[in-house]
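*Asks:* Quick one: the structure is below, and I'll ask about it shortly.
The values are calculated or read from the model by the stated rules, or taken from the named source; none is laboratory data. This one's a predicted model, so the numbers in the text were calculated from it and none came from an experiment. Note that each Cβ is placed from the backbone with ideal geometry, even for glycine, and that neighbours are counted across all protein chains shown. The area values use the complete protein model at the heavy-atom level, side chains included, leaving out ligands, DNA and RNA. Shrake-Rupley method; radii C 1.70, N 1.55, O 1.52, S 1.80 Å.
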Amino acid sequence: MHEEKRKSLFKSAAFPKQNNLIIILMNLWVFSLLVIMTVIGIIISSPAFLIFKITRRLENFRIIRLFVWIYGRAWLAIVKPFTRFQTEGLKKGDITPPCIIVPNHLSFFDTFFMGALPFSNVCFAIRSWPFRMAWYNPFMRLARYLDVEETPWEESFEACKRELLNGAALLFFPEAHRSRDGRLGRFYSGAFKVSVATGVPVVPLCLSGTGEMYPPGQRLLKPAKVRLKALPAVNPDMFPGPYGHMEMRKFVKALMAEEIEKMR
């Protein structure tokens, strides 16, 4: 009974009645522009790739990651008329790769808001279902994103080490699933095992508001205040011993839970 009451209170607080006209306008505006942006992006991706290859001389996967980052920045511009978006700890130099970024997970569009990160060389280590989206799959493969659900752990671990050695930031959603009530769910150990094994710090990234804007099970976007706050990096040296990754996982989760409660 207590759990049901808590979820009910969350829903009533998170989803206040909005002006129906604004909600309709928001969905027409955002989804129309998102489709247009995606189609145009697919069309111009090949010539743009060649231009960046010649002028910037970047590796192929770095170019695609840059495109994904630009796509995320464009998303921020699209939703701006209907969201109050605030960031903290995300200025240039606040986060220094190589590192492992661990955001909480509230909405399908959480990954889009990662366009607010101050750099583009980010390798997403995520579950399988986004790879099944035909319009995104080729870009995700070319960007060398990691399917940690279908790939054996040893292979995923080696890929993670390669990315960190190349100076990239890894991004794991430690909950794996979107939260249904805005609170942190169970954390999986993958990101923390990689951190302890490689000595690379973990950067907790606290997100609020996307669960109000587009929660699991809802069909319409709603205006919301979205906040994204990076906490100070957590060094794996603080957690020695064979179970250090478990202690690190508990420590980071407690930090994030406290900060997210303040943000809410």
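Rundown of residues vs (1) farther than 18 Å from Phe113 by Cα; (2) open to solvent by 50 Å² or more (accessible area, probe 1.4 Å); (3) among the hydrophobic types (A, V, I, L, M, F, W, C), yes/no style:
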site	(1), (2), (3)
Cys160	yes, no, yes
Arg178	no, yes, no
Arg186	yes, yes, no
Gly199	yes, no, no
Gly209	no, no, no
Pro215	no, no, no
Ala224	no, no, yes
Lys229	no, no, no
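*Asks:* Select from the range 123-139 the residues that are open to solvent by 10 Å² or more (accessible area, probe 1.4 Å) and either β-branched (Val, Ile, Thr) or part of a loop (DSSP other than H, G, I, E, B) (or both) and write down the one among them that is modelled with the highest pLDDT.
*Replies:* Ile126
*Asks:* Next question. Quick check on this structure: which one of Phe112, Phe67, Phe31 is open to solvent by 60 Å² or more (accessible area, probe 1.4 Å), of a type in the set (Phe, Trp, Tyr) and at pLDDT 90 or above?
*Replies:* Phe31
*Asks:* Identify all residues within the range 4-28 that are open to solvent by 70 Å² or more (accessible area, probe 1.4 Å), modelled with pLDDT of 50 or more and not basic (Lys, Arg); write none if there are none.
*Replies:* Once the filter is applied, which keeps residues that are open to solvent by 70 Å² or more (accessible area, probe 1.4 Å), modelled with pLDDT of 50 or more and not basic (Lys, Arg), the range 4-28 yields Glu4, Asn19, Asn20, Leu21, Ile22, Ile24, Leu25, Leu28.
*Asks:* Take the residues of the range 188-197 that are over 18 Å from the mean Cα position of the chain (by Cα) and open to solvent by 60 Å² or more (accessible area, probe 1.4 Å): which is farthest from Asp147 (Cα to Cα)?
*Replies:* Step by step, filter the range 188-197, then rank; the result is Ala197.
*Asks:* Any residue at all in the range 229-247 that's under 28 Å from Ile23 (Cβ atoms) and not aromatic (Phe, Trp, Tyr)?
*Replies:* Within the range 229-247, one or more residues are under 28 Å from Ile23 (Cβ atoms) and not aromatic (Phe, Trp, Tyr).
*Asks:* Ok, one more. Could you list, in sequence order, all residues of the range 74-107 that are open to solvent by 50 Å² or more (accessible area, probe 1.4 Å) and out of contact with any helix residue (DSSP H, G or I) (no Cβ under 6 Å at 6 or more places or on another chain)?
*Replies:* The answer is Ala77, Lys80, Pro81, Arg84, Phe85, Gln86, Glu88, Lys91, Lys92, Gly93, Asp94, Thr96.
*Asks:* Filter the range 173-212 down to the residues that are of a type in the set (A, V, I, L, M, F, W, C) and on the phi > 0 side of the Ramachandran plot and list them by number.
*Replies:* Ala176
*Asks:* Further, regarding this structure: Give the residues of the range 140-158 that are open to solvent by 40 Å² or more (accessible area, probe 1.4 Å) and under 16 Å from Leu66 (Cα atoms), sorted by residue number.
*Replies:* Listed by number, the residues that qualify are Arg141, Leu142, Arg144.
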